[in-house]
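S.K.: Input: one structure, supplied below.
The values are calculated or read from the model by the stated rules, or taken from the named source; none is laboratory data. Owing to the predicted nature of the structure, the values given are computational and were not obtained by experimental measurement. In this analysis, Cβ positions are derived from the backbone assuming ideal geometry, glycine residues included, and neighbour counts consider all displayed protein chains. Side chains are part of the model used for accessible areas, which takes the heavy atoms of the whole protein and leaves out ligands, DNA and RNA. Shrake-Rupley method; radii C 1.70, N 1.55, O 1.52, S 1.80 Å.
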Amino acid sequence: MMGNNDLSVNPDSAGSPAPTRPRGLFNSIKFFVFCQSLLQLAQLLVSGCMKSSISTIERRYGLSSQKSGMLASFNEVGNTILIIFVSFFGSRVHRPRCIGGGALLACLASLLMAMPHLLSGVYDYTGRISSSSSDNSSGLCLPGSAHLPSSSNHTCRAQQTSTREVAYPLLVLGQLLLGIGAVPIQPFGISYIDDHASRKNSPLYLGILLAMTSIGPAFGFIMGSFMLRYYVDFDKLSADQIELDSRDLRWVGAWWLGFLVASCLLFLTALPFLFFPRNMLKEDHDDAESPVDSKQLQTQPLQELTLPQFLKSFPSIAMRTLRSPIYLLVVLAQVNLAALLSGLATFMAKFIERQFNQTVAYSAMMIGGVLIPLVVLGTILGGVLMRRFNLSVFGASKLCTVAILLCTFSAVPLLLVGCSTQKVSGVFPHSSKELVCSAGCGCPLEDFNPVCGSDGVEFRSPCHAGCSSVETDPNNKPTNYTSCGCVSGGLGSALPGTCGSGCSHLLPPFMALLSLTSFIASFSQTPSYMMILRTVPAEDKSFAVGVQYMLFRVLAFLPGPVLYGSVIDTTCILWGRKCGKQTSCHYYNLDSFRQRFLGLQSFFVCGGLLCFLLTVFILRRRAGCPDAVSSQKGDYELVSGQKPPADAPSREKDPQGVQT
């Protein structure tokens, strides 16, 4: 029956068709898909900025990879707590306005994440603290010089107060608010589109929407790449005061600038959602559907529960949703792939930077300009295949299985593409004998200003190389260190900067394999989402999406970056120190870095493949059972792929939500 809030109908013309709602711009599901895509683009732009700048933030504020991974995953905390409740009440609230409100909160969070730069002083990289004192301001080997750590204690205390003790909590708070603001955006958008789009176009719309979840971070990486080309304090220092270049291991780019741009875009894309209606007529069915159909979810008994009733019935609802083996296996498969994605998105740019001796900006460009666009293309093609062949749930499961199986074959060779760590005196391979030549130089343990000796050996600083003189350019920047006692028996020289791993020529084949792997894996994204939407009762759809996103966050996005960061930290062979405390890692064992980082990703690929194989096995068994073949969810065949006739009698649902 129609509720009091339904569109008014003349009782005298009960036999006439219900009047249709005017198809204005804000009553078009296509325009909603367009606006939703732009909003997700802007929202995920913040995520892309964070991921592309993660190693830069590590360096700027002296964080370990585990701590930066925790920062990257912290936006999932608020999201995890609220996602189920927001999705469960999705059909009871004004979804477009909730989406707009969440976007405005995300706008505020993005502004907050840029605040540490505005509140902090000038970036004081290793060497600048000692330069303010009287000891060894040149960084050269000065036998007999005294290196007194107490000379910079005052500066150390100021740096600790203005950076590490203030910046990290602000970044964490910004991530927390960003996660809370993002809660309604994608779940409400997906359920709103699936409720009001035609069944034929729904997979295509969903594919476009999911593609935007990749395009957003892609633009974030690309924008981050451009921002990181500028020095972090370009707004505080003049050009002649900037001594570092982008290839210096101490370089920090303008990581904060991207968050300001993303905040403006979020504000602009949030405004249209204040004007969309709570419900609109289903696409291409203006004459066939009455307004009661657009309010179908609101008349379901499940959606009439109050909040206390919902909290009381929550365990049984969750068990009813998770009791579907297809739903559970598909979600677990997606969890494995999401865990893989969390590590790739957070630390792959850092991996390329270290493994192939590239700048941070170039590494971010490789991810945003090459890798992610191929993921977007694969996601869209997955939706096109679903629409073109009208795949059933069984067909979708086979498509996902084949895609992940091919992905496995292309992912394993990645473990072999790379090279070992360059030789660093006293660090790799570790040998204290190599430091005897600079023992009388009194080099501070905190010094980190890498130089590359003429014999191909790298040193932590000119002092550690035993260099006693330096050649400079007209701008007084070092160009060559000479009289180096530790290079070629005391007869060599050293150039500023790292020697590098010598692996830059392997970057093209590595990116080709990685792009192929990501492209193939992305084919499974849209079919797996459609499998979830078509294997749960209509009244549980929003709740099922909420459970799905909760499991994503609890099992993948929340622990994933922390796990990857912890694994990366185990490969560190030299930690930096500043003011007597450990900071970020200076050197990694590149063989261990590659094997553990990519090995962990291969493990998650195999986990996803196993789950999809089990769905194929279960659905194949159901294909031989007439009851299973006839079990449908929302007029969608699990096995045959054929839709029921339009005049088929309606089916009643059993208590488990399965139509009979």
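S.K.: Name the one entry in Asp233, Asp195 that is assigned to a loop (DSSP other than H, G, I, E, B) and open to solvent by less than 40 Å² (accessible area, probe 1.4 Å).
M.R.: Asp233
S.K.: Hey, another quick one. Is it the case that some residue within the stretch 433-444 is of a type in the set (Lys, Arg) and in contact (Cβ under 8 Å) with a residue 40 or more places away in the chain?
M.R.: No, every residue in the stretch 433-444 fails to be of a type in the set (Lys, Arg) and in contact (Cβ under 8 Å) with a residue 40 or more places away in the chain.
S.K.: Right, something else. Is it the case, given these coordinates, that Glu76 is closer than 17 Å to Met348 by Cα and of a type in the set (Asp, Glu)? Can you show your working first?
M.R.: Details: closer than 17 Å to Met348 by Cα: no; of a type in the set (Asp, Glu): yes.
For Glu76, the condition - closer than 17 Å to Met348 by Cα and of a type in the set (Asp, Glu) - is not met.
S.K.: Here is a further query. Could you tell me which of the residues Ala345, Ala338 is in contact (Cβ under 8 Å) with a residue 12 or more places away in the chain and either touching an Asp or Glu at 6+ places or on another chain (Cβ under 9 Å) or buried (at least 24 other Cβ atoms within 10 Å of the Cβ) (or both)?
M.R.: Residue meeting the stated conditions: Ala345.
S.K.: Right, something else. What's the number of the condition Ala544 fails, among (1) outside any helix (DSSP H, G or I); (2) open to solvent by less than 10 Å² (accessible area, probe 1.4 Å); (3) of a type in the set (A, V, I, L, M)?
M.R.: Going through (1) outside any helix (DSSP H, G or I); (2) open to solvent by less than 10 Å² (accessible area, probe 1.4 Å); (3) of a type in the set (A, V, I, L, M) one by one, Ala544 breaks only (1).
S.K.: Using the structure shown, decide if Ser501 is among the polar types (S, T, N, Q) and open to solvent by less than 10 Å² (accessible area, probe 1.4 Å).
M.R.: The answer is no for Ser501.
S.K.: Same structure, new question: All but one of (1) buried (at least 21 other Cβ atoms within 10 Å of the Cβ); (2) touching a Lys or Arg at 6+ places or on another chain (Cβ under 9 Å); (3) not in a loop (DSSP other than H, G, I, E, B) hold for Ala211, so report the exception by its number.
M.R.: (2)
S.K.: Residues being open to solvent by less than 40 Å² (accessible area, probe 1.4 Å), in contact with a Pro (Cβ under 8 Å, 6 or more places away or on another chain) and not aliphatic (A, V, I, L, M): count how many of those fall in the stretch 360-388.
M.R.: Looking only at that region, the number is 3.
S.K.: With the checklist (1) under 23 Å from the mean Cα position of the chain (by Cα); (2) closer than 20 Å to Gly502 by Cα in hand, flag the one item Asp591 doesn't pass.
M.R.: (1)
S.K.: All but one of (1) part of a helix (DSSP H, G or I); (2) open to solvent by 20 Å² or more (accessible area, probe 1.4 Å); (3) over 30 Å from Ser68 (Cα atoms); (4) not small (Gly, Ala, Ser) hold for Leu391; state the number of the condition that does not hold.
M.R.: Condition not satisfied by Leu391: (1).
S.K.: Take the residues in the stretch 592-620 that are over 15 Å from Asn336 (Cβ atoms) and polar (S, T, N, Q), then tell me which one is least open to solvent (accessible area, probe 1.4 Å).
M.R.: The qualifying residue least open to solvent (accessible area, probe 1.4 Å) is Ser592.
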